[in-house]
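Here the structure is laid out as structure tokens; the discussion comes afterwards.
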Amino acid sequence: MEWEIVVGLEVHLQLATKSKLFSGASTTFGAVPNTQACAIDLAMPGTLPTPNEAAFRLAVLFGLAVNAKINQHSVFERKNYFYPDLPKGYQLTQLEHPIIGAGIIDITLPDGTSKPIRLHHAHLEEDAGKSLHETSFTASGREMSAIDLNRAGTPLLEIVSEPDMRSAAEAVAYLKKIHILAKYLGISDGDMSQGSLRCDANISVRIKGEQQLGTRTEIKNINSFRFVAKAINVEARRQIDLLEDGGTLVQETRLYDADKNETRSMRTKEVANDYRYFPCPDLLPVELSDEYIAARQRELPELPDARRTRFESSYQLSTKDATQLTGERTTAEYFESVAKQTGEPKLAANWITGELAALQNRAEVSVPQVTVEQLTGLILRVKDGTISGKIAKQLLAQMMDGNDDVDTLIAAQGLKQVSDSDAIEKLVDEVIAANSTQVENYLRADEAKRAKMAGFFVGQVIKASRGQGNPKIIGQMLKQKLNARL
Amino acid sequence: MTVNRQTIEELAELAKISISETTIDGVSGHLDDMLQLLGQLQTINTEGIQPMAHPLETQQLLRSDIVAEPNNREALLATAPLTAEGLFLVPKVID
């Protein structure tokens, strides 16, 4: 029996506003507990919420980027439940009239193909505070939980997909797409380690070919790309095993335990959750004008897919290079500057996706640490033959830690490539004299083999020149000298 | 719609209020009366009428994204029954 996995995701994106969704308190991450929670966030009597215009602007930018319907009329409702990190006793969210309606998010799969995932809607809501359960605080002999309300009221955009994903890989591709879009649009820092991007996964399974959806479970609060894939696979496996054993699935909320790589049921409450939503009487419906939407349309930057296509056609880059270069907006803009200033897009792409990316990985940074001017200079000095590619790699590593330009580094370290034929001829003669056995072998070999064997001599001469000999000139001179002996 | 005992108990639990055994019948009677009064609205034809989210015929004003609230932690913490190290303390909650 072949099973099919069906996944829908609810992504919570913390929007990059300076102040909260309904108050003027700061949203900076990592502040001293409760120093960024004001009377409105704490639901003090007599306070009134006022929505933050920037949250609407960022939500609309997202909606436009995924060709979604923008609802010019949206309404905040109260979602009622009690939890200590929710001071009001309700969360302000949107239900019947969300800011963003249906749209399409195209995802790119690891094999390079793409697939459209339908967006159900996206709505604005406020984040809750943080509960710290592992504390040593006690009162009257009871263990206590501690509450930090700095995060309470931070704006979230909850992005809800249709159940259109059919594997963990598709779910990860979808999440990555939202991550890239969020960073391109500047609507969120997307930092999963700080909780700026979190997701809930709705998972069900069915026999392949079946139209009806199976009973689903919801895995709450997954906070890394890796865990999303693992949680989906392990939960789908559990469901399949249960069904194959003749069991019945219960629609429930489950938690993913990364340490044990398993999901487990969250304690079900005696009374089913009933949030008793109703429009918040403290807030009026928000109406956005045509002009407001049009202004946001003008603010939209070139999006990753469009930019990738343009890089492929304008700079003749491979899909792989273009994809890598457009993964981060800063990298894409960096590439474009270096490509323009050097007039060598292909070389610029090679250096940025190759050596520079490797150095960045080692330094654990995601944006280029070498300035556009530094890399441009380096590429031009390789191109005009001043330095070899090998020396250039060493200099690039030095540029990661310093601000010197390529000419300063070359002069300071005497690295100018030797193209002077007298100097090279001397080294070539020395190498030929010192390797008589290899020379004999070379002369005896047939022509096809000789071409390969020549590499050994080139390497020896470059070594003798301490890496500064021009490989092209060395190769030519060696060929000439060796072939003269045939 | 009539409000039975079970509904009252569930609503009380959701709202975290306690309703004593002796008053529960009285409460359900009051709620029944109110629902019947409101039920008269059901007889009105609302075909083609937009649901109203707010009685005021105006729209929400939005605030500029400016940090305008200073840190007022000590004063706000002082309103809570239990605090420690700048945190609000509550009886341990396990979800």
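Quick notes on this structure:
- Annotation: for a label point projected 7 angstrom from Cα along Cα→Cβ of B:Lys16, residues of the range A:84-113 with backbone N closer than 19 Å are A:84-93.
- Shielding value for A:317-327 is 0, the average number of Cβ atoms from other chains within 10 Å of each residue's Cβ.
- Calculated [θ] (222 nm, deg cm²/dmol) that DSSP helices of n ≥ 4 give over chain A, each run adding -39,500 (n - 2.57): -12500 deg cm²/dmol
- Whole-number D in µm²/s for the range A:283-413 (Stokes-Einstein; Kirkwood sum over Cα pairs; 10 °C, 1.306 mPa s): 97 µm²/s
- With a 10 Å cut-off around each Cβ of A:138-149, the average count of Cβ atoms from other chains is 5.
- Virtual spin-label span in nm between A:Ala43 and A:Thr437, 7 Å along Cα→Cβ: 8.5 nm
- Taking the longest Cα principal axis of chain A as reference, the axis of helix A:389-401 is set at about 40 degrees.
- Surface composition of the range A:10-157: carbon and sulfur make up 52 percent of the accessible area, probe 1.4 Å.
- Ranked by the mean number of other Cβ atoms within 10 Å per residue, highest first, peptides A:441-451, A:129-139 order as A:129-139, A:441-451.
- Tilt relative to chain A, helix A:329-342 - C-alpha long axis, 0 to 90 degrees, to 10: 30 degrees
- Taking label points 7 Å from Cα along the Cα-to-Cβ direction, B:Val27 and B:Ile44 give a separation of 3.0 nm.
- Applying the Karplus relation 6.51 cos²θ - 1.76 cosθ + 1.60 with θ = phi - 60° to the range B:55-70 yields 3J(HN,Hα) values of x, 7, 8, 8, 10, 5, 8, 9, 9, 6, 7, 10, 6, 10, 9, x Hz, where x marks Gly and Pro.
- Computed lengthening from A:Ala258 to A:Lys463, 0.36 nm per intervening residue step minus Cα-Cα distance: 68.7 nm
- Taking θ as phi - 60° and the Karplus parameters 6.51, -1.76 and 1.60, the scalar couplings of the range A:101-109 work out to x, 5, x, 10, 10, 7, 10, 10, 8 Hz in sequence order, x denoting glycine and proline.
- Counting only alpha carbon atoms, the long axis of helix A:372-383 and the longest principal axis of chain A meet at about 30°.
- Tail fraction, Cα-Cα pairs, chain B, threshold 17 Å, whole percent: 76 percent
- Near B:Val93, the amide H atoms lying under 5 Å from its own belong to A:Ser145; only residues 5 or more places off or on other chains count, and H is placed 1.01 Å from N.
- Of the beta bridges in the protein assembly as shown, as assigned by DSSP with both residues counted there, near 90 percent are antiparallel.
- Three principal axis extents describe the C-alpha atoms of the range A:186-229; from largest down they are 40, 19, 15 Å.
- Heavy-atom accessible area, 1.4 Å probe, ligands and nucleic acids excluded: residues of the range A:24-38 down by at least 30 Å² from chain alone: A:Gly24, A:Pro33, A:Asn34, A:Thr35, A:Cys38
- In the context of the full set of protein chains, residues of the range A:288-391 present 49 Å² of accessible surface per residue (probe radius 1.4 Å, heavy atoms only).
- Measure of compaction for the range A:156-220 (Cα Rg per 2.2 N^0.38 Å): 1.29
- Number of partner chain Cβ atoms within 10 Å, mean per residue of B:51-64: 6
- Label-reachable residues, the range A:173-202, where backbone N falls under 15 Å from a point 7 Å from A:Arg310's Cα toward its Cβ: A:184-185
- Cβ-Cβ FRET estimate between A:Thr113 and A:Tyr83, R0 fixed at 41 Å, reported to 0.05: 0.45
- Peptides A:325-338, A:379-392 ordered by average Cβ neighbours within 10 Å, highest first: A:325-338, A:379-392
- Whether the range A:221-323 is rounded, prolate or oblate, judged on the alpha carbon gyration tensor where a/c under 1.5 counts as rounded: oblate
- Over 34 Å [Cα-Cα, chain A], rounded percent: 53 percent
- Here the ratio of the Cα radius of gyration of the range A:74-183 to 2.2 N^0.38 Å is 1.43.
- Close amide-amide hydrogen proximity is noted between A:Trp3 and A:Lys208, each under 5 Å apart and 5 or more residues distant or on a separate chain (H modeled in the peptide plane; Pro and chain starts excluded).
- Restraint check, A:Lys416/A:Lys449; A:Lys20/B:Lys92; A:Lys393/A:Lys481; A:Lys177/A:Lys230, Cα-Cα greater than 22 Å: A:Lys416/A:Lys449; A:Lys20/B:Lys92; A:Lys393/A:Lys481
- Residue by residue, the range A:133-146 carries 3J(HN,Hα) couplings of 8, 8, 10, 9, 6, 9, 9, 6, x, 9, 6, 10, 9, 10 Hz when phi is fed to the Karplus relation 6.51 cos²θ - 1.76 cosθ + 1.60 (θ = phi - 60°); x denotes Gly or Pro.
- A Förster radius of 60 Å, combined with the Cβ-Cβ distance separating A:Ala102 from A:Thr408, puts the computed FRET efficiency at roughly 0.60.
The values are calculated or read from the model by the stated rules, or taken from the named source; none is laboratory data. Note that the structure is a prediction, hence the values are computed from the model and not measured. When we count neighbours, we look across all protein chains shown, and the Cβ atoms used for this are built from the backbone with ideal geometry, even at glycine. Surface accessibility is based on the protein's heavy atoms, side chains included, excluding ligands, DNA and RNA. Shrake-Rupley method; radii C 1.70, N 1.55, O 1.52, S 1.80 Å.
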